[in-house]
Amino acid sequence: MTPQIVKQSIKNSEVLLGKSLAELTAWVQEQDQPAYRGKQLYQWLYQKGVRSLSDISVFPKKWRHEMAGYPLGRSTIHYRSVAPDATRKYLLRLADGLIIEAVGIPTAKRLTVCVSSQVGCPMDCDFCATGKGGFTRNLKAHEIIDQVLTVQEDFEQRVSNVVFMGMGEPMANIDHVIAAVKSLNQDVGIGARSLTVSTVGIPGKIHQLAQHKLQIVLAVSLHASNQALREQLIPSAKKYPLNNLLDECRDYVEVTGRRVTFEYVLLSRVNDLPENARELSQCLKGFQTHVNLIPYNPISEVDYQRPQKNRIREFTNILEAANITVSVRYSRGLEADAACGQLRASKV
Ligand code: SAH
């Protein structure tokens, strides 16, 4: 009987990662095992990051052997590169052979993982490498959770923060992203406030996310101070006027009681002029917000430039004069092509 179960599960791509404690308990009982094995399985999956049921030493030998091939939902590391700043970029091979990227970013006190939410990206923002390769498919919740466990295992250190800023648009895959967020919080044990979901905005999705009242950080990729400029940089903005996006953000703040962070990629002479900073301050009036400026990281397809430091300083000063808190994110991992906007699966 058991080899059939293993075969069937592979065919249906039914995996164990992503299941809750209750679901795992029901699953072990279906396999004629006592309920308490569900708790054991849960701990070995999420806390020990086990890669095969055969490695769960507290399970009976015979059952471990029979279930050795049962898919847990783990990827394999296809390639890993380490940048001089210790950032590690991973190309991970999924069960269907597709490759995605995840990045591990260590600091003195933290280990942050930048996860992908899709294979490729449908949004096609002009300055981002991921969109240039097109879109293949959404990731399932377990494929997102796996990225965090993989980085945790490789660093031999607990992950403290997760940012959904890898390949893909999280709000275009909202159901799986929400399931992953909940599991990372409840099962892997990462604080909700240490989870950041970044979106360029899809009509109605921020509103949908708000209904879950998660205590996560929502980061919105604005990148422009007016609608015309935004449309020039972000094709999907044509169907989503800036005012509507900002209204949805206000609604999010009201429903969740959480702040929204805005991200703004700085492109020299395109959106980094003093009048852009002034216009942006106007847009964000009334928001208790934080703006994250990201000096552009070069990609080969387009010839945008990163602004000079003094221009970034001037942009920052104008926002700060309008009482907006600002941080400048000099992306880590540039040398490993692992910085924001540089992720693409074809780089091996
Ligand atoms: N799709 C989501 C998350 C992915 S990217 C989003 O758009 O928010 C995470 C951040 O990196 C986004 O703010 C994105 O605009 C930014 N980014 C993309 N390309 C970049 C580049 N070449 N240089 C710097 N930041 C970039």
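The table that follows gives values for the structure above.
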| item | result |
| --- | --- |
| Ser9 being assigned to a helix (DSSP H, G or I), hydroxyl-bearing (Ser, Thr, Tyr), modelled with pLDDT under 95 and not assigned by TED's automatic domain parsing to the domain that holds Gln147 | yes |
| Test for Ile105: is it β-branched (Val, Ile, Thr), farther than 22 Å from Lys239 by Cα, surrounded by fewer than 22 Cβ atoms within 10 Å (Cβ to Cβ) and at pLDDT 95 or above | no |
| Answer from Val159, Val177 - the residue that is in a loop (DSSP other than H, G, I, E, B), in contact (Cβ under 8 Å) with a residue 40 or more places away in the chain and either more than 16 Å from the ligand (Cβ to nearest atom) or on the phi < 0 side of the Ramachandran plot (or both) | Val159 |
| Residue list for the stretch 168-217, restricted to those being polar (S, T, N, Q) and over 13 Å from the mean Cα position of the chain (by Cα) | Ser183, Asn185, Gln186, Gln208, Gln211, Gln215 |
| Among (1) within 16 Å of the ligand (Cβ to nearest atom); (2) modelled with pLDDT of 95 or more; (3) not aromatic (Phe, Trp, Tyr), the one test that Thr325 misses | (1) |
| From the options Arg88, Arg93, residue that is away from the ligand (no atom under 16 Å from the Cβ), in the same structural domain as Gly131 (by TED's automatic domain parsing) and touching a Gly at 6+ places or on another chain (Cβ under 9 Å) | Arg88 |
| Some residue of the stretch 145-160 being surrounded by fewer than 24 Cβ atoms within 10 Å (Cβ to Cβ), among the aromatic types (Phe, Trp, Tyr) and farther than 30 Å from Leu229 by Cβ | yes |
| Within the stretch 328-348, considering residues that are among the hydroxyl-bearing types (Ser, Thr, Tyr) and within 13 Å of the ligand (Cβ to nearest atom), the one modelled with the highest pLDDT | Tyr330 |
| Unmet criterion (only one of (1) in contact with a Lys or Arg (Cβ under 9 Å, 6 or more places away or on another chain); (2) outside the structural domain of Ala224 (by TED's automatic domain parsing)) for Ala141 | (2) |
| Condition met for Glu30 (acidic (Asp, Glu) and touching a Gly at 6+ places or on another chain (Cβ under 8 Å)) | no |
| Test: residue in the stretch 124-133 that is within 15 Å of the chain's Cα centre (by Cα), within 13 Å of the ligand (Cβ to nearest atom) and β-branched (Val, Ile, Thr) | yes |
| Qualifying residue in the stretch 167-174 (condition: within 16 Å of the ligand (Cβ to nearest atom), touching a Pro at 6+ places or on another chain (Cβ under 7 Å) and outside any loop (DSSP other than H, G, I, E, B)) | yes |
| Whichever residue in the stretch 149-165 is touching a Ser or Thr at 6+ places or on another chain (Cβ under 8 Å) and β-branched (Val, Ile, Thr) and, among such residues, is farthest from Thr261 (Cα to Cα) | Thr150 |
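The values are calculated or read from the model by the stated rules, or taken from the named source; none is laboratory data. Since the structure is predicted, the reported quantities are computational estimates derived from the model, not experimental observations. Note that we place each Cβ from the backbone using ideal geometry, even for glycine, and neighbour counts take in every protein chain shown.
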